[in-house]
Amino acid sequence: MHYSYKNRAFKSVLLHPVMLKEFENRWYVVGHSENHDAFRTFGFDRIYQPLLLKRKFIASDQVDIDRYCNNLYGVYPIEAQSLQEICFRTSPIVTNYFEAYPIHKSQTASKLDSGGCEFYLDLVPTIELVRLFRSYGKELKVVYPLWLTGLVINR
């Protein structure tokens with residue numbers, strides 16, 4: 001049983017777990033959901049009455065698991081979005097943080113004359129990425145994709 005904050009309801013989910021994941025001091029289980037016929041991530045804090053069913057376990061290919069898990073910053077991909085290049089521009093002070101603590105292995109940078117920087121990521125956009133970008137306020141601007149720019153500035 002999983003509680004959905006979006007739907008404000010409990011739903012039974014048949015999950016074939018493949019890994020546990022920690023992000024920002026919270027724990028998640030990642031697996032193939034029979035209900036969605038896709039990989040999904042579920043927060044432990046919203047899982048109630050887990051049951052071990054006597055069913056055949058559906059194994060997942062490691063390449064598919066890696067593709068799902070390694071191309072994310074965070075745990076919840078934005079619906080209908082796939083792997084894409086994301087470009088954002090930072091002020092000089094914020095540039096220091098992103099240089100010292102890259103947020104993903106794909107991160108590259110191009111210095112600007114102003115002392116700021118343009119950063120590039122190859123990621124599947126996530127809710128956590130939008131939240132991170134918003135946290136920097138006017139010190140960070142998403143350059144592209146344009147649809148992501150709209151999500152970040154629409155608070």
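The values are calculated or read from the model by the stated rules, or taken from the named source; none is laboratory data. In this text, all values refer to a predicted model and were calculated from it rather than measured experimentally. Positions of Cβ are generated from backbone atoms using ideal geometry, with glycine treated the same way; all protein chains shown enter the neighbour counts. Heads up: the accessible areas ignore ligands, DNA and RNA and are worked out on the full protein's heavy atoms, side chains in. Shrake-Rupley method; radii C 1.70, N 1.55, O 1.52, S 1.80 Å.
Can V30 be described as in contact with a Lys or Arg (Cβ under 9 Å, 6 or more places away or on another chain) and either within 16 Å of E128 (Cβ to Cβ) or part of a strand (DSSP E or B) (or both)?
Numbers: in contact with a Lys or Arg (Cβ under 9 Å, 6 or more places away or on another chain): yes; either within 16 Å of E128 (Cβ to Cβ) or part of a strand (DSSP E or B) (or both): yes.
Yes.
Kindly indicate whether S135 is in contact with a Ser or Thr (Cβ under 9 Å, 6 or more places away or on another chain), more than 30 Å from H16 (Cβ to Cβ) and among the hydroxyl-bearing types (S, T, Y). Don't jump to the end; show me each part of the working.
Working: in contact with a Ser or Thr (Cβ under 9 Å, 6 or more places away or on another chain): no; more than 30 Å from H16 (Cβ to Cβ): yes; among the hydroxyl-bearing types (S, T, Y): yes.
So S135 does not fit the description; no.
Give the residue that is nearest to G115 (Cα to Cα), with candidates limited to residues of the range 72-91 that are open to solvent by 30 Å² or more (accessible area, probe 1.4 Å), of a type outside the set (F, W, Y) and in contact with an Asp or Glu (Cβ under 8 Å, 6 or more places away or on another chain).
R89
Against the condition under 13 Å from the mean Cα position of the chain (by Cα) and among the hydroxyl-bearing types (S, T, Y), how does T126 come out, does it pass? I'd like the intermediate steps shown before the answer.
Details: under 13 Å from the mean Cα position of the chain (by Cα): yes; among the hydroxyl-bearing types (S, T, Y): yes.
Spelling it out, T126 is indeed under 13 Å from the mean Cα position of the chain (by Cα) and among the hydroxyl-bearing types (S, T, Y).
Going by the structure shown, is N35 surrounded by 10 or more Cβ atoms within 10 Å (Cβ to Cβ) and under 26 Å from E85 (Cα atoms)?
On the way: surrounded by 10 or more Cβ atoms within 10 Å (Cβ to Cβ): yes; under 26 Å from E85 (Cα atoms): no.
Answer is no for this residue.
Answer yes or no as to whether Y101 is of a type outside the set (G, A, S) and farther than 20 Å from L148 by Cβ. Give the derivation first.
Working: of a type outside the set (G, A, S): yes; farther than 20 Å from L148 by Cβ: yes.
It is true that Y101 is of a type outside the set (G, A, S) and farther than 20 Å from L148 by Cβ.
Which one of these does R40 not meet: (1) surrounded by 17 or more Cβ atoms within 10 Å (Cβ to Cβ); (2) more than 26 Å from T149 (Cβ to Cβ); (3) at pLDDT 95 or above?
(3)
So which residues in the range 140-155 are touching a strand residue (DSSP E or B) at 6+ places or on another chain (Cβ under 9 Å) and open to solvent by 50 Å² or more (accessible area, probe 1.4 Å)?
Once the filter is applied, which keeps residues that are touching a strand residue (DSSP E or B) at 6+ places or on another chain (Cβ under 9 Å) and open to solvent by 50 Å² or more (accessible area, probe 1.4 Å), the range 140-155 yields K141, Y144, L151, I153.
Exactly one of these conditions fails for L132: (1) over 18 Å from the mean Cα position of the chain (by Cα); (2) modelled with pLDDT of 95 or more. Give me its number.
It fails just one condition, (1).
So which residues in the range 98-139 are open to solvent by 30 Å² or more (accessible area, probe 1.4 Å), free of Cβ contacts under 8 Å to residues at least 40 places away in the same chain, in a helix (DSSP H, G or I) and of a type in the set (A, V, I, L, M, F, W, C)?
Within the range 98-139, just A100 meets the criteria.
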